[in-house]
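Report on the following structure.
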Amino acid sequence: MKKIKASNQKEIDDIELTQDFDKSTGINWYPGHMARAIREIKEKLSGVDIVFEIRDARAPLASGNASLENLLRQKSRLILLNKVNLAYNNSISKWEKWFEAQGVPFLFIDCFDKGAMKKVMIKARAIVAQKRKESSPDGQVTKTKMRLMIIGLPNTGKSTIINQLAGRNATKIADKPGQTQVQQLIVIDKDLDLIDTPGVMPISVAKEEHGLWLSALNAIPDDVVGEERPACYLLNYFQNLANKEFIEKYNFEPSELKSLSTDEMLLKIATRRGCIKQQGKPDLERVYKLILNDFRQGELGKCCFGEPPTDG
């Protein structure tokens, strides 16, 4: 297994397959098809009018990819923060102000909302039209056809967004991260071509907590990190949030919730959800899976991991 150093990003073209968990720096997962995907993105980027970068609205910064920043710096880009219907509203307002200050076009969206997807295309076409106007010697633009590229971490909703834009099942949707491993060109209509790319992780996830966020969001496969740590992280997160959905899902008493240890919460969930082995022992592996599945189905309530940076 080859170890990747986070500081070696300029050598990204030479990175080979790796899957690693480094306790000192966090949780990293960077299989070889992702390195190939980066090379292919670089090869195709010059022929693209705009890039849609798909992120998860529940982790607006951690679900981005700093490894691609320099690559995309001179390219028209629209950041789409998907699954906003699952994100905590108060936090989203803060993030909107932060993204506005960065000067990169963005939209918080629910990709199943057809009205939201129309807004996406209106904004994208306006960005491309303005860029073409600025690039034209006489300011006149006659070209209408647009080619866009979609990038993002695994399981941020890229395939669903493509299918919504195409109005058909143009690409396969998979629950397990890393299933899309090759680029494909999709003709949406006579005025729009789309390049779908495999989900690409950062070369390194610097903070262990960020790795747990991405694991909980299913951007990193469960077999890389295991299910215990992200499941327990979610328990502690929602315990502090003490939201109605979480309390009702696991039948906690609101008055007792804050005083429970993680082990006590796990035991109560195991008992109340029938995750019991022979001799009455709790089946914790089932409980971990249950918590992750409940979270990924949106049944524990809205959340938002992390606050906007305060240093610009």
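The values are calculated or read from the model by the stated rules, or taken from the named source; none is laboratory data. Bear in mind the structure is a predicted one, so any value in this text is a computation, not a measurement. Here the Cβ positions follow ideal geometry from the backbone for every residue, glycine too, while neighbour counts run over all protein chains shown.
Data table
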item: Odd one out for D311, checked against (1) under 21 Å from the mean Cα position of the chain (by Cα); (2) under 28 Å from K94 (Cα atoms); (3) surrounded by fewer than 17 Cβ atoms within 10 Å (Cβ to Cβ); result: (1)
item: From I127, I54, I151, residue being of a type in the set (A, V, I, L, M), in contact with a Gly (Cβ under 6 Å, 6 or more places away or on another chain), outside any loop (DSSP other than H, G, I, E, B) and in contact (Cβ under 8 Å) with a residue 40 or more places away in the chain; result: I54
item: Matching residues, the stretch 191-207, being modelled with pLDDT of 90 or more and surrounded by fewer than 19 Cβ atoms within 10 Å (Cβ to Cβ); result: D191, D193
item: Qualifying residue in the stretch 43-62 (condition: out of contact with any Leu (no Cβ under 8 Å at 6 or more places or on another chain), modelled with pLDDT under 85 and within 17 Å of I203 (Cα to Cα)); result: no
item: Qualifying residue in the stretch 221-234 (condition: at pLDDT 90 or above and part of a loop (DSSP other than H, G, I, E, B)); result: yes
item: Hey, E264 more than 30 Å from R55 (Cα to Cα) and over 16 Å from the mean Cα position of the chain (by Cα) or not; result: yes
item: Hey, G103 in the same structural domain as Q164 (by TED's automatic domain parsing) and at positive phi or not; result: yes
item: Residue identified as touching a Phe, Trp or Tyr at 6+ places or on another chain (Cβ under 7 Å), under 18 Å from A216 (Cα atoms) and not in a loop (DSSP other than H, G, I, E, B) among F295, F305, F246; result: F246
item: Identity of the residue in the stretch 179-220, part of a loop (DSSP other than H, G, I, E, B) and of a type in the set (S, T, N, Q), that ends up farthest from the chain's Cα centre (by Cα); result: Q183
item: Subset tally (residues that are within 30 Å of G47 (Cα to Cα), of a type outside the set (D, E) and in contact with a Ser or Thr (Cβ under 7 Å, 6 or more places away or on another chain)) for the stretch 187-218; result: 5
item: Some residue of the stretch 85-95 being farther than 27 Å from N243 by Cβ, outside any loop (DSSP other than H, G, I, E, B) and not assigned by TED's automatic domain parsing to the domain that holds N243; result: no
item: Selection within the stretch 122-151 - touching a Leu at 6+ places or on another chain (Cβ under 8 Å) and either surrounded by 15 or more Cβ atoms within 10 Å (Cβ to Cβ) or outside the structural domain of L81 (by TED's automatic domain parsing) (or both); result: K123, A124, I127, M146, R147, L148, M149, I150, I151
item: Test: residue in the stretch 101-115 that is over 20 Å from the mean Cα position of the chain (by Cα), in a helix (DSSP H, G or I) and either under 19 Å from G64 (Cβ atoms) or among the acidic types (D, E) (or both); result: yes
item: First in the stretch 190-217 and within 15 Å of L153 (Cβ to Cβ), second anywhere and crowded, with 22+ Cβ neighbours inside 10 Å and hydroxyl-bearing (S, T, Y), Cβ under 6 Å, 6 or more apart; result: M201/Y30; I203/Y30
item: Residue tally, condition surrounded by fewer than 21 Cβ atoms within 10 Å (Cβ to Cβ) and part of a strand (DSSP E or B), over the stretch 39-51; result: 1
